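**Student:** Mind looking over this structure? Questions follow.
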Amino acid sequence: MNSKKGNKRYQDLAEKWLNGTITPEEEQEFSTWYHTDQDAPVTVTSYYAESEAEHKAKIFHAIKESINQEKESRSSRKKTFLATWISAAAVIALLLVSVGAYFTLLQEGGSSIKAVTKPHLRYKNDVPAGGEKALLTLADGQVIVLEESRDGMELEQGIAKVIKMNGSLAYNQGVKGNNNEVVYNTVSTPRGGQYQVVLADGSKVWLNAASSIKFPTAFTGKERKVQLIGEAYFEIARNTAMPFKVEAGEVEVKVLGTHFNVMAYQDEKVLETTLLEGSVQVTQAEKEQVLVPGQQAVHQYGGAGFKLKKVDVEDVTAWKNGVFLFEQSDLKQVMRQVQRWYDVEVVYEGTVPALAFTGVIPRKENVSKLLEVLEMTGGVEFEISGRTVLVHKKGN
């Protein structure tokens, strides 16, 4: 194909993808080009690349719209979001990167995007995505590997019955018997694991990777209290007579009935509480703050009080919905998530590149897919050997 005509053709396809008019046949054509003719740059018109900020806003909006459309139509069509995302990535750069004040995926002049070669030769092997894995620690110290336990498994813990079914654990309060003691269980996910727990009051908890929750097998008294390490999304059954409390490091979250997310990893710099519905009160030392939906309370470890900000709650809970969603995340932030979800060791060689990432990547894909897209920035390269990911600045 004549290079000028080819350039124009893929420019048209890029614009069609952005405005949502691309057909399945055109997407396939686009994907074929990506895998066979990646060195040919494609010019994106000024409508789509007027500036770094506008380009980011338009493409980021397009990504979110694609996710929403995929959720709505998942039952009626087989095409995955990844196929849409990867096939378009080389031209419209769905992973966006800033280095200093420049948008590095735009070539000099701000109007052209050039794809990069896939770096398979540096990947000695691949690592699969995480899945539904967790350990259940009973009151007597016995540990059960949940992914190895059969569906329908039942246990009695104090006055509650525990049932494992379809990748989740449910507690039903009110088992009759002589033992009325309230006992505690802990569900913990390893790196590369996530799990759902339904507590005795009907509240639902989704645990992210490398997280744990300690809770009573039945709720009695004047409050419902659990302890969290890591990250979890909560949907709390309303009970005005018995407030629900989450102890997470230096912060306590108090609710009556609501939906919220708590990120309290000990290797992060901050602890974040994000409210989706209802209201919550966050407390740290003597400082209290009531949140409204769409608000996030950020507490810096070792500091005092909270910084409040408005957030897109879909961004915060993206992990629960099966995607990585980065928004101006630095390289180490991104790689900490990679380390938790893929259960790999991340090793940095030389100076860590000063990159900030914005983009969306499905969590179900092997680690190589994620790393390939990160490498499209041109600023960083990766090597995979066993369960170690080596990170270095491109050119080192």
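FYI, it's all coordinate maths here, none of it is from the lab. As the structure is a prediction and not an experimental result, all values here were calculated from the model. Please note: Cβ atoms are built from the backbone with ideal geometry, for glycine as well, and neighbour counts cover all protein chains shown.
**Student:** Taking the simple approach of a point 7 Å from Cα along Cα-to-Cβ for both Arg150 and Arg122, what is their distance in nm?
**Tutor:** Spacing of the two 7 Å Cα→Cβ label points: 4.8 nm.
**Student:** Taking 0.36 nm per intervening residue step and subtracting the Cα-Cα distance, what contour gain separates Ser385 from Gln28 on full extension?
**Tutor:** The span from Ser385 to Gln28 would gain 125.3 nm if fully extended.
**Student:** Decide, for segment 322-379, between rounded, prolate and oblate: order the square roots of the alpha carbon gyration tensor eigenvalues as a ≥ b ≥ c, take rounded if a/c falls under 1.5, and otherwise choose prolate if a/b is larger than b/c, else oblate.
**Tutor:** Verdict is oblate for segment 322-379.
**Student:** Can you work out the FRET efficiency for the pair Asp315 and Ala139, with r the C-beta to C-beta distance and R0 = 45 Å, to the nearest 0.05?
**Tutor:** Efficiency, from the Cβ-Cβ distance: 0.75.
**Student:** Ranked from highest to lowest mean number of other Cβ atoms within 10 Å per residue, what is the order of the peptides 256-268, 347-359?
**Tutor:** Highest-to-lowest ranking by the protection proxy: 256-268, 347-359.
**Student:** Express in nm, to one decimal, how much length is gained between Lys269 and Thr220 on full extension, taking 0.36 nm for each residue of separation and deducting their alpha carbon distance.
**Tutor:** 14.1 nm
**Student:** What FRET efficiency comes out for Glu349 versus Gln300 if R0 is 25 angstrom and r is the Cβ-Cβ distance? Round to the nearest 0.05.
**Tutor:** 0.30
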